[in-house]
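Following: one structure in structure tokens, then a few remarks.
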Amino acid sequence: MNANDRSIVTLVMTGHGLVHTYELSIPIFMTVWLAEMGVSEAFLGGLVGAGYFLFGAGALPGGILADRVGSRRLIAGCFVGMGGAFVLLGLLPGLWGLGAALLAWGAAASVYHPAGLSLISTGVRQRGRALAYHGIAGNVGIAGGPLVTALLLRVFDWSVVAILLGLPALVAAVGAWRASFDEAAAVEAAVEAPNAAGGDEPAVGGREPASAAGAMDAAALWRQTRSLFASGFVVVFALVALSGLYYRGVLTFLPDLLTPLVTIDLPIDVSAGRYVYAGLLAVGIAGQYVGGRLSDRDDAERILAAALAVLAGVAVVFLPVAGRGTAALLAASAGLGFFLFLVQPLYQATVADHTPPDARGLSYGYTYLAIFGVGALGAALAGGLLYVAGPPLLFGVLAGLALAGAGLGAWLAVRRARGHGHPEGVRSR
């Protein structure tokens with residue numbers, strides 16, 4: 001990698017790690033909020049779900065903003081917003097202050113994925129290596145963030161921990177504002193190569209007025225959206241939304257659900273579930289790796305369907321198995337973590353298989369909207385089900401969601417085998 005590549009990769013690795021640190025530290029905080037604030041699971045699930053909804057809903061406008069103002073500035077603003085939101089989380093009083101801070105975090109964090117991935121695609125010449133490093137940083141945040149949060153909660157009050165967690169993003173914002181690199185280096189290199197070989201010169205001329213360009217962009221966006229949802233992508237969208245509901249539904253209250261299932265005497269008392277939760281997420285790193293390797297196969301839809309069917313089975317047996325002792329609980333949690341993250345690269349590959357290349361960015365914008373936006377309803381759903389009937393009904397509904405997703409994955413596999421997939425929706429191998 002050259003200096004420009006390294007500067008960009010440093011920035012996006014920092015961003016990806018921080019986003020997922022904050023995202024998955026929130027369920028750790030919820031174990032304290034449930035105990036100290038006297039709030040029901042239903043109310044807290046709705047409050048947290050609203051913040052998670054903005055985390056997903058802002059992905060599509062975030063991608064558009066990245067094109068308008070540049071990814072570096074947008075990521076810097078994301079850092080300010082996320083860090084500031086967690087500082088406010090520790091300072092604002094009461095449930096409504098908590099809700100306001102979570103909404104601010106969701107809005108700020110939502111722009112990261114489209115901005116970061118766009119920056120890699122346009123600025124880094126060694127794109128594959130950059131994406132690998134980017135994924136590793138996200139995994140560090142996924143597993144390390146909740147663990148750090150749990151450890152800090154053993155020493156400090158939760159409001160102090162929230163402020164401490166917010167500070168790294170504010171420091172990173174300063175670095176992002178001061179960073180200097182060419183955001184279009186990879187695109188420029190691709191244009192220069194054919195020109196050096198005697199290819200056509202790039203078009204030169206004045207730019208259209210911003211209002212005309214905006215109107216044309218809006219019209220193109222609407223045309224591409226209609227085209228996408230008139231194809232097999234509508235089924236992919238439904239599948240990833242179901243996966244997102246399962247993901248958010250199972251993780252949001254999981255640390256609190258796990259604690260009473262730990263049956264051996266550990267020096268971590270009521271916080272035991274937080275550590276099992278962090279370990280579950282660490283196992284997810286292996287699941288993501290295996291899923292990434294499997295996503296290169298031609299039958300990714302079939303494997304995705306099978307993995308979702310396994311997740312349905314895990315939801316059915318999780319409570320009975322986990323109740324048989326801490327060893328069984330750890331085994332059940334490892335299985336859940338592995339398959340929960342195994343499906344992620346598989347459905348990302350499925351999106352690529354069922355969308356045309358010229359709408360790939362838009363399709364991933366809608367994909368993140370489904371996973372994190374629609375999926376955010378899983379937090380409210382989990383809270384409501386726990387409040388009404390307890391964990392057995394929650395895990396039963398989660399099993400139904402995964403089974404429905406498995407059915408859609410199987411339908412996509414059959415459709416593609418019969419040659420009805422999008423002719424241009426094929427991954428590069």
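Among the residues making up the range 1-31, those that are crowded, with 20+ Cβ neighbours inside 10 Å and of a type in the set (A, V, I, L, M) are ILE8, VAL9, LEU11, VAL12, MET13, LEU18, VAL19, LEU24, ILE26, ILE28, MET30. Just wondering, is there one or more residues in the range 65-84 that are surrounded by 18 or more Cβ atoms within 10 Å (Cβ to Cβ) and not in a helix (DSSP H, G or I)? Checked against the condition, which is being surrounded by 18 or more Cβ atoms within 10 Å (Cβ to Cβ) and not in a helix (DSSP H, G or I), the range 65-84 yields no hits at all.
Contact map, the range 135-164: first residue within 14 Å of GLY279 (Cβ to Cβ), second residue basic (Lys, Arg), Cβ cut-off under 6 Å, separation 6 or more or different chains; pairs are ALA150/ARG274.
Note on the range 53-64: residues that are at pLDDT 85 or above, part of a helix (DSSP H, G or I) and farther than 22 Å from LEU164 by Cβ amount to 4. Taking first residues from the range 397-419 that are closer than 23 Å to VAL316 by Cβ and partners that are assigned to a helix (DSSP H, G or I) and of a type in the set (Ser, Thr, Tyr), the Cβ contacts under 7 Å between residues at least 6 apart in sequence or on separate chains come to LEU398/TYR246; LEU401/TYR246; ALA402/TYR246; GLY405/SER243.
For the range 290-329, a tally of residues being of a type outside the set (A, V, I, L, M) and closer than 18 Å to SER243 by Cα returns 7. Can you spot a residue in the range 107-124 that is farther than 30 Å from SER180 by Cα and touching a residue at least 12 places away in the same chain (Cβ under 8 Å)? No - not one qualifying residue is present in the range 107-124.
When we screen ALA238, ALA278, ALA315, ALA307 for residues that are under 24 Å from the mean Cα position of the chain (by Cα), of a type in the set (A, V, I, L, M) and surrounded by fewer than 19 Cβ atoms within 10 Å (Cβ to Cβ), the only hit is ALA238. Entry remark, the range 23-47: residues being closer than 17 Å to ASP157 by Cα and either outside the structural domain of ARG178 (by TED's automatic domain parsing) or assigned to a helix (DSSP H, G or I) (or both) number 12 in total. Are any of the residues in the range 94-103 part of a helix (DSSP H, G or I), within 20 Å of the chain's Cα centre (by Cα) and among the aromatic types (Phe, Trp, Tyr)? Among the residues of the range 94-103, not one is part of a helix (DSSP H, G or I), within 20 Å of the chain's Cα centre (by Cα) and among the aromatic types (Phe, Trp, Tyr), which makes the answer no.
The values are calculated or read from the model by the stated rules, or taken from the named source; none is laboratory data. All values derive from a computational prediction rather than experimental measurement. When we count neighbours, we look across all protein chains shown, and the Cβ atoms used for this are built from the backbone with ideal geometry, even at glycine.
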